[in-house]
Structure formats: C-alpha cells, structure tokens
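The values are calculated or read from the model by the stated rules, or taken from the named source; none is laboratory data. Please read these numbers as outputs of a predicted model, since none were measured by experiment. Methodologically, a virtual Cβ is constructed for each residue, glycine included, from the backbone with ideal geometry; neighbour enumeration extends over all protein chains shown. Heavy atoms of the whole protein, side chains included, go into the accessibility calculation; ligands, DNA and RNA do not. Shrake-Rupley method; radii C 1.70, N 1.55, O 1.52, S 1.80 Å.
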Amino acid sequence: MERTIKLCAVREHITCGLCGGYLIDATTIVECLHTFCRSCLVKHLRECNFCPSCKIVLHQSHPMNYISTDRTLQDIVYKLVPDLQEREIQRQKEFEVAMFMYRTGEQQNIHNNSQKNISSPKPKVETYADTSTSKEDYHRNDEQTAICMECYRSSNGKYLLKPLTRKYLKLSSQATVQHLKKFIAKKLALDNHTDVDILCNDEILGKDHTIKFIMVTRWRCKDSPLLLHYRPSLKLLY
C-alpha cells in the first residue's frame, strides 16, 4: 500500500547540521554515525577534532581518518529533492570555469577586451551545436591533477613492489584511491588490487578518498605533483 510523505517530514534527516542545506557529498563520522556535507565537515575538522553534533573526540591528530563517504545516503537525497543533483553539477562546472579563468588570467583579459569593444557593434556569428562530446563522458571537464606514483622502499632500500615504468599520471581530481589500486594491480599483474596500499606522507589512504580530497587535506595544494607511494598491504609484509 503506497503512502505519500511530505519532504518536510524527512528534511531533518537529509540536511547538514553545519550549513543547514541539503547534504552534498554526504560524509559520515565513523565513531558516532553523524553525517554532514564533506566540505563542511572537512572545514570543521581543520580547526577541531570532535563531532559537531555530539562533541565526541575523533582523534587527537588525524580526525580525517575517521570519516567515510556515504554514497547510499547521498543517492537518497538526490532522489528525494527534485533537481538537486542537476543544480549541484551546474554549480560545480561554473566554479571550475571561474577558477580556471582566475588561474590563467582570462577573466582580466575578458574585462579589458569588453572595455575596448563596448562601443563597437558585434558581428553576426553563426553558431553550431557541438555533438562530438558524448553525454555519457561525465569526467571530460573535471579538474585535472598531476600525481607521482613511487614504489615504497623497505628499511634496507629494496623495493617492495616493481616500480611503474611511467610514474607520473594526469587524471581527474574525482578519481579515488580505489581507481589507483586497480590501475597499479593491472600494470604490475597482481592477482588482487586489495593487496596494495597507497600512502601520502606515510599515511595510508582510504579507498574512497578522492584525489581532490587528498590534495586539500594531505598535500595542501603544493605546486609540485601530488606524491603517492604504493606497497603491498600489511598482511603481505608479515
């Protein structure tokens, strides 16, 4: 028997306690299972090491290790709130374009050109629809990130795994550690990608961590490529 439930009845369960808006990239604290927007939670944990709701202490020095992406809850939010996912994707694209223009100085050039041509008539230009890009290519316009993958060495200086032939990669900032594990396992002909650990600053990264998240929280957006190490998982070292 179907029953209609108003959105206001479940709103408190799908909103972020920090920003008050609907959950975007929902992220749950492992210790207490409270969920917030990832950006809101990361910003909070940079200054504090406790849950914003129940004040439970996560970790004195590495609270980021105790949060996890909740993809199931995020899918529920997108299904309950009409057009929320489409609006968020559009906002992300607009932000990426604005940041690209800011980094390359195109925004200033456009402003200068507009001042020069403000009194001149605009010529008529014929436009054509670009149908070359497939609608299913979701990551073509993602922010690209350069990373360096190096094999972890033991105390005696020996490699624990075979080094990659090409250690520099350029990939989408939305790629996860899980994708890198599968890539390494395929390149090194390993039986299972779960036998590989990926580290940044000698800290093992979670499989759901995106490259963008690692750069913001671990690498602090340095100018040099993001340096990651890979090695056999701990169960294979002993």
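So if we plug the beta-carbon distance of THR194 and PHE100 into 1/(1 + (r/R0)^6) with R0 = 30 Å, what FRET efficiency do we get, rounded to 0.05? Before the final figure, lay out each step's value.
Values: r = 36 Å, r/R0 = 1.20.
With a Förster radius of 30 Å, E is 0.25.
Hey, can you rank 210-217, 170-177, 94-101 by average C-beta count inside 10 Å, highest first? Can you show the working numbers first?
On the way: 210-217: 20.1, 170-177: 17.1, 94-101: 12.0.
Final packing ranking: 210-217, 170-177, 94-101.
Can you tell me the length gained on complete extension of the stretch SER39 to GLU86, counting 0.36 nm per residue apart and subtracting the Cα distance?
Details: separation 47, 0.36 × 47 = 16.92 nm, distance 1.84 nm.
Full extension from SER39 to GLU86 adds 15.1 nm.
Once you list every other residue whose beta carbon is under 15 Å from the beta carbon of ARG153, what net charge do they have if Lys and Arg are +1 and Asp and Glu are -1? Please list the in-between numbers first.
Values: positive: LYS158, LYS162, LYS167, ARG231; negative: GLU150, ASP197, ASP202.
After counting each charged neighbour, the total is +1.
Report, to the nearest whole %, how much of the accessible area of the stretch 1-90 belongs to carbon and sulfur atoms, 1.4 Å probe, protein only. Walk me through the numbers on the way to the answer.
On the way: 3030 of 5870 Å².
The C+S portion of the solvent-accessible surface of the stretch 1-90 is 52 percent.
Do any GluC sites (Glu not before Pro) in the stretch 1-67 lie in a DSSP loop with no more than 16 other beta carbon atoms within 10 Å, and if so, which? All intermediate terms of the calculation are to be shown ahead of the outcome.
Numbers: sites: GLU2, GLU12, GLU31, GLU47; in loops: GLU2, GLU31.
When the GluC sites (Glu not before Pro) of the stretch 1-67 are filtered for loop state and at most 16 Cβ neighbours within 10 Å, GLU2, GLU31 remain.
Compute the signed sum of charges (Lys and Arg +1, Asp and Glu -1) over the other residues within less than 9 Å, Cβ to Cβ, of THR194.
Working: positive: LYS181, LYS207; negative: ASP195.
So the environment of THR194 carries a net charge of +1.
Charges only on Cβ, +1 for Lys and Arg, -1 for Asp and Glu: so what's the dipole of the stretch 144-232 about the Cα centre, in debye to the nearest 20?
Values: 16 positive and 8 negative charges, 59 e Å.
Here the stretch 144-232 has a charge dipole of around 280 debye.
Among bridges DSSP assigns within the stretch 8-80, what percent are antiparallel (round to 5)?
Details: 8 of 8 bridges.
If I count the DSSP bridges inside the stretch 8-80, around 100 percent turn out antiparallel.
Between TYR152 and SER61, 0.36 nm times their residue separation minus their Cα-Cα distance comes to what?
Answer, rounded to one decimal: 30.4 nm.
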